[in-house]
Amino acid sequence: MAELTRLEKAWNEAHLRGDASVLEPLWAEEMTVTVPSMAVMTRGEAIAFLRSGRMKFDRYETSDLGIRVFGEAAVTTGRLRRTRTVAGRVMDDDWRFTKTYVRRNGRWQVVAFQASPAAPTGDPAMTTDADDIRRAIAEFIAAYDAGDADRVIAYYAEDLVKVRAGAPPETRTEAAARIRDVLARYQGHLEVHNDELEVAGDMAFTRGTLSIRLRPRDGGGPEQSIERRYLEIWRKRAGRWLVVRTMDNAP
């Protein structure tokens, strides 16, 4: 926890200084950056943008920091307020953010950074529900990357129906058996780009794209790559959001 807290502070200070030398070792090769009003950026694109000096920060502050560790993966969440100057224009951002870290050779690196506009003040219910779902997605990603099948399966409701491209529908029990088998045989890396999230009472839906890379744990056989579009239906029960229906298809 202390190391991740230190890295969060280093991230903020490096952005204020425009110091790419601090951020480059912190950003994993496969990192993606998904923030409002900008195209999704790879690590290389993010580094080039930072080095260009096109954007200067006068403020880069985070609050409400939450840190959860799942073995060799971790998720940090919080609120980010930025003041930036681009082409002579001064702009303010007020975002909720999620970072996903993985630990490799004893060093934490960010593999995904995603932010979305914070809900207007005075609408705490919507803020809580939307943030809870984003946090659940981030924790699912961290659990998948850590190979923690139990935490992955905990994302799904008991009455789940899961429809995968080219496969028959699965119950939660069937999905759990398949996930346990896959994560036992492969080291997985999951990336999720959520394009839409809508909450209506105790129901919600999310829509976006995902990619999975599977590397055999025994070192034999080729690495597999899967690209999909997805739609998930969520239901809130006893204060917790779980997926009750999910389907994907080829992009």
Legend entry - Selection count where residues are surrounded by 16 or more Cβ atoms within 10 Å (Cβ to Cβ) and within 27 Å of Ala184 (Cβ to Cβ), scope region 230-251: 9
Inset, instruction - Answer yes or no: is there a residue in region 131-143 that is farther than 26 Å from Ala39 by Cα and surrounded by 18 or more Cβ atoms within 10 Å (Cβ to Cβ). - result: yes
Legend entry - Within region 62-97, tally of residues that are part of a strand (DSSP E or B) and surrounded by 13 or more Cβ atoms within 10 Å (Cβ to Cβ): 24
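Determine whether Asp181 is part of a loop (DSSP other than H, G, I, E, B), of a type outside the set (A, V, I, L, M) and surrounded by fewer than 17 Cβ atoms within 10 Å (Cβ to Cβ). Explain how you work it out, then say what you get.
Values: part of a loop (DSSP other than H, G, I, E, B): no; of a type outside the set (A, V, I, L, M): yes; surrounded by fewer than 17 Cβ atoms within 10 Å (Cβ to Cβ): yes.
No: the conditions fail for Asp181.
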Inset, instruction - Please go through region 216-235 and pick out each residue that is assigned to a strand (DSSP E or B) and touching a helix residue (DSSP H, G or I) at 6+ places or on another chain (Cβ under 7 Å). - result: Pro216, Trp234
Legend entry - Filtered residue count, region 1-26, keeping only those that are within 18 Å of Arg68 (Cα to Cα), acidic (Asp, Glu) and over 19 Å from the mean Cα position of the chain (by Cα): 1
Inset, instruction - Pull up region 84-108, narrow it to residues that are modelled with pLDDT of 90 or more and hydroxyl-bearing (Ser, Thr, Tyr), then point me to the one that is farthest from Asp132 (Cα to Cα). - result: Tyr101
Inset, instruction - Within region 196-219, identify whether any single residue is among the acidic types (Asp, Glu) and within 22 Å of the chain's Cα centre (by Cα), and answer yes or no. - result: yes
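The values are calculated or read from the model by the stated rules, or taken from the named source; none is laboratory data. Values in this document were obtained by computation on a predicted structure and should not be read as measured data. Quick reminder, even Gly has a Cβ in these numbers, built from the backbone with ideal geometry, and neighbours come from all protein chains shown.
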